[in-house]
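What follows is calculated from the coordinates using simple rules that are stated; it is not laboratory data. From a predicted model like this one, the values you see are computed outputs, not experimental measurements. Neighbour counts run over all protein chains shown; Cβ positions are idealised from the backbone, glycine included.
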Amino acid sequence: MELTREQLIVIWIIAILALSVLILIFPKFAKTAGRVVRNAAVGCCLLWAIGAIFGANASVGLNPVTAGVCGILGIPGAAMLMIIHQIL
């Protein structure tokens, strides 16, 4: 079943409104989730940059697990992933 453009727009509007309501109801959770997403983005960028600079020898795969580790632990998590990759 193919959705029309109008249906997709309505779905996106409903999703954005639902997310806005959740953020208003749970501001502390939203702040924590935002921090995790920011840390994941920074950590993945760091892993990608290290892989690009040092080549395939030092590259760690970017996937949901590595993004989660970087999101929860931040830059120290990215460093830990690099160390574990070099040891194994």
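The set of residues in the stretch 54-77 being in a loop (DSSP other than H, G, I, E, B) and out of contact with any Gly (no Cβ under 8 Å at 6 or more places or on another chain) consists of G55, G61, L62, N63. Looking across the stretch 30-53, the residues that are among the hydrophobic types (A, V, I, L, M, F, W, C), closer than 20 Å to P64 by Cβ and in contact with a Leu (Cβ under 9 Å, 6 or more places away or on another chain) come down to C44, L47, W48.
Here the condition is being in a loop (DSSP other than H, G, I, E, B) and either loosely packed, with under 14 Cβ neighbours inside 10 Å or not aromatic (F, W, Y) (or both); of M1, M80, it holds for M1 alone.
Quick check on the stretch 44-62. Is at least one of its residues exposed (fewer than 10 other Cβ atoms within 10 Å of the Cβ), over 17 Å from the mean Cα position of the chain (by Cα) and of a type in the set (S, T, N, Q)?
Here is the first cut: in the stretch 44-62, the ones exposed (fewer than 10 other Cβ atoms within 10 Å of the Cβ) are 53, 55-57.
Those left that are additionally over 17 Å from the mean Cα position of the chain (by Cα): 53, 55-57.
Applying the additional criterion that residues be of a type in the set (S, T, N, Q) yields 57.
Yes, the stretch 44-62 contains a residue that is exposed (fewer than 10 other Cβ atoms within 10 Å of the Cβ), over 17 Å from the mean Cα position of the chain (by Cα) and of a type in the set (S, T, N, Q).
May I ask you to verify whether R38 is of a type in the set (K, R), free of Cβ contacts under 8 Å to residues at least 24 places away in the same chain and over 30 Å from I75 (Cα atoms)? Answer is no for this residue.
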